[in-house]
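The values are calculated or read from the model by the stated rules, or taken from the named source; none is laboratory data. If you're wondering where the values come from, they're calculated on a predicted model, not measured in any experiment. Here the Cβ positions follow ideal geometry from the backbone for every residue, glycine too, while neighbour counts run over all protein chains shown. Please note that ligands, DNA and RNA were not included when accessible areas were found on the heavy atoms of the full protein model with its side chains. Shrake-Rupley method; radii C 1.70, N 1.55, O 1.52, S 1.80 Å.
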Amino acid sequence: MTREELLEKANSLPLAPGVYLMRSAAKEVIYVGKAKKLKNRVSQYFQAGHGHNLKTHVMVDHVDTFDTIVVRSEFEALVLENALIKQYSPRYNILLKDDKGYPFVRLSQERYPRFSLANRQEKDGARYFGPFGGRQETRTALDAIAAALKLPTCSRRFPRDIGKERPCLNHHMGRCDAFCRGVPDEEEYRRRMEQAVLILTGRMGDLVDQLQEEMEAAAGELQFERAAELRDRIRAIQTVGKRQGVVAAACADTDIWGLYREARCCYAVLHYEQGQLIYREAELFQAPGGEEREEMLSALLLQYYGGRAVLPREILLPWEIEDMDAFAQLLTETAGHRVHVRCPQRGEKAELIDMAYRNAREEAERVTTREERVDRTLELFAKMAGLPGVPGRMEAYDISNTGSSDIVASMTVFQGARPAKSQYRRFRIKELQDHSDDYRSMQEVLRRRLQRYRDGDEKFSPLPDVFLIDGGAAHAEAARQVIQGEFGLATPILGMVKDNRHRTRALVTPEGREIGIQQNQAVFAMVGRIQEETHRFAITYHRESQARRMRQSALEEIPGVGPARRQALMGHFKTVRAIREATLEQLEAVVPRNAAQAVYDHFRKEEQGHG
């Protein structure tokens, strides 16, 4: 981006506290800063004649773009700036030392674990929470939690000191249940410590609900003294929640969603890890008119989390979706751990959802300026490439293989400069069996794609305004032979050439004319993004194909189980592990008895062999 474009973007920022990340042309974070008012602070960097020191002048000269994260207070901006500087180690920042940061709460791993303060997280097997706002404030919060749960804060160590001395004054004041007597026991102690963890990680509502159920059960069993004790504990915990201002501990391993729906639509996701905001994503998207907000959010969630192996433990939404329970169950099964999906209506978490919404809104309100920049980039791209007009739709292709096995191809689609992921397509190469040939593979893919269009398949319509082929002039020429030679189309074809470091270098025509794009950073970055996205999509499919083939190969050794029966088994059980664990009756429900017996015997022998 030019200095004028950067200033224009900065002037569109809100007068709100936040953090900004300056990025180089290589997308490296080179500086992280905080601001009371983002617009005023960031715009100063790009104003002509503003008095900067030498370091700032040098840094600004290397800035190509910047990102911002809007927060609720200067304190949150400070904590987030500290975390991001440690995460990225930007070259133009004065890097803060760990002992100058904010304290963590450490929970030791022993029979009777204890909380303590730590300057940094260590790999010592303990659990860490934070960072928090200050040592005194954090100690006060820990004392309040201990008092609410009646946990010891004295220097005695258990089980070493159990029964050695009489309970201290805290017990007589009703602040501690005197675990030093051995009653309550170790199990109850650990249970209370886990309740303290729920408070520290922002899950106070879960704890209150849990204690409420216990209180009602005790009352139902006429244990009124126990019920009263639980009632008092609930009130104490709620009081702690009102007093505790430790912002960074509001969430733990949580994604927080904000959705903005006006003339433009945008979503923002705030990622919290160990109670710390570490990353923000915001993306504009197109939505059909009149779509209900619940339907829109549901579709976004499925697209966003679909296929991801690593998922948060909690997702906070601005409103409920119709299939929320099923969605949570799907994510839980995928992640291998419980994923909670919630819609908080009040309190700290509701405020964080509002912060995510404000981030989405600010991103959407800048869309007009961004679209103008995209239009200029596309105009320059069309002019440099000699296209007849500004491309509205671009298609890019890449081949991925390992030798002669699992040869696949990707087709990505870009509307303007934005990926249209719902229109991506992928292909398994069918014509090459014994060897790999990128040129013939590309020709097969294009031939199949264009034939599907000619046959009236709506999934392959319309045709693009330009074909972008991963590779040099020979790849582009191979594509021309199919597109222009076999199908008689006049659609322009360009190869995307990489350098010896596998980075985009230039465009090339089928005739071998190279088009340098590095002189225009915006065009260079756009082509690079297209090439990287197409390669990523191809590699992902290739890895899936390899994994699928390896799973299938585990069944190929079984006599009497051919391709059709293997496919039936995998279609029903989904995984080889499920087939291995199935009973004979379950197998017979899918394949004939003799085949089911063969499968059952095969895996039983395999288990005996391992034993």
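Take the residues of the stretch 24-45 that are open to solvent by less than 40 Å² (accessible area, probe 1.4 Å) and touching an Asp or Glu at 6+ places or on another chain (Cβ under 8 Å): which is nearest to Gln87 (Cα to Cα)? Looking at residues that are open to solvent by less than 40 Å² (accessible area, probe 1.4 Å) and touching an Asp or Glu at 6+ places or on another chain (Cβ under 8 Å), I get Val32. Residues in the stretch 13-40 that are of a type outside the set (Val, Ile, Thr) and part of a strand (DSSP E or B): Gly18, Tyr20, Leu21, Met22, Arg23, Tyr31, Gly33, Lys34, Ala35. In the stretch 313-331, the qualifying residues are those that are at pLDDT 85 or above and not hydrophobic (A, V, I, L, M, F, W, C), and the one that is least open to solvent (accessible area, probe 1.4 Å) is Glu314.
Looking at the stretch 7-14, can you tell me whether even one residue there is surrounded by fewer than 16 Cβ atoms within 10 Å (Cβ to Cβ), out of contact with any Leu (no Cβ under 8 Å at 6 or more places or on another chain), at pLDDT 90 or above and within 11 Å of Thr65 (Cα to Cα)? Within the stretch 7-14, none of the residues are surrounded by fewer than 16 Cβ atoms within 10 Å (Cβ to Cβ), out of contact with any Leu (no Cβ under 8 Å at 6 or more places or on another chain), at pLDDT 90 or above and within 11 Å of Thr65 (Cα to Cα).
Before we move on, is Asp465 surrounded by fewer than 21 Cβ atoms within 10 Å (Cβ to Cβ) and more than 8 Å from Pro510 (Cα to Cα)? The answer is yes for Asp465. Restricted to the stretch 366-480, the set of strands (runs of 3 or more DSSP E) holding at least 3 residues that are out of contact with any strand residue (DSSP E or B) (no Cβ under 6 Å at 6 or more places or on another chain), within 29 Å of Gln518 (Cβ to Cβ) and modelled with pLDDT under 95 is empty.
Residue count for the stretch 189-241, restricted to those that are β-branched (Val, Ile, Thr) and either touching a Gly at 6+ places or on another chain (Cβ under 6 Å) or assigned to a loop (DSSP other than H, G, I, E, B) (or both): 1.
The numbered conditions (1) at pLDDT 75 or above; (2) outside any helix (DSSP H, G or I) are all true for His57 except (2).
When the stretch 138-159 is filtered for residues that are more than 15 Å from Val105 (Cβ to Cβ) and not in a loop (DSSP other than H, G, I, E, B), the ones remaining, listed by number, are Ala147, Ala148. Name the residue, out of Arg190, Arg156, Arg135, Arg181, that is at pLDDT 80 or above, closer than 30 Å to Arg120 by Cβ and in contact with a Pro (Cβ under 9 Å, 6 or more places away or on another chain). Residue meeting the stated conditions: Arg190. Only a single item in (1) within 17 Å of Leu297 (Cα to Cα); (2) out of contact with any strand residue (DSSP E or B) (no Cβ under 7 Å at 6 or more places or on another chain); (3) not acidic (Asp, Glu) is not met by Gly347, and it is number (1). A search for C-beta distances below 7 Å between a residue of the stretch 8-20 that is over 12 Å from Arg72 (Cα atoms) and any residue that is in a strand (DSSP E or B) and polar (S, T, N, Q), counting only pairs 6+ apart in sequence or on different chains, returns Leu13/Thr68; Tyr20/Thr68.
Give the stretch 529-576 a look and list any residue that's of a type outside the set (D, E, K, R), at pLDDT 80 or above and buried (at least 16 other Cβ atoms within 10 Å of the Cβ), or say none. Ile530, Gln531, Thr534, His535, Phe537, Ala538, Ile558, Val561, Leu569, Met570, Phe573, listed by residue number.
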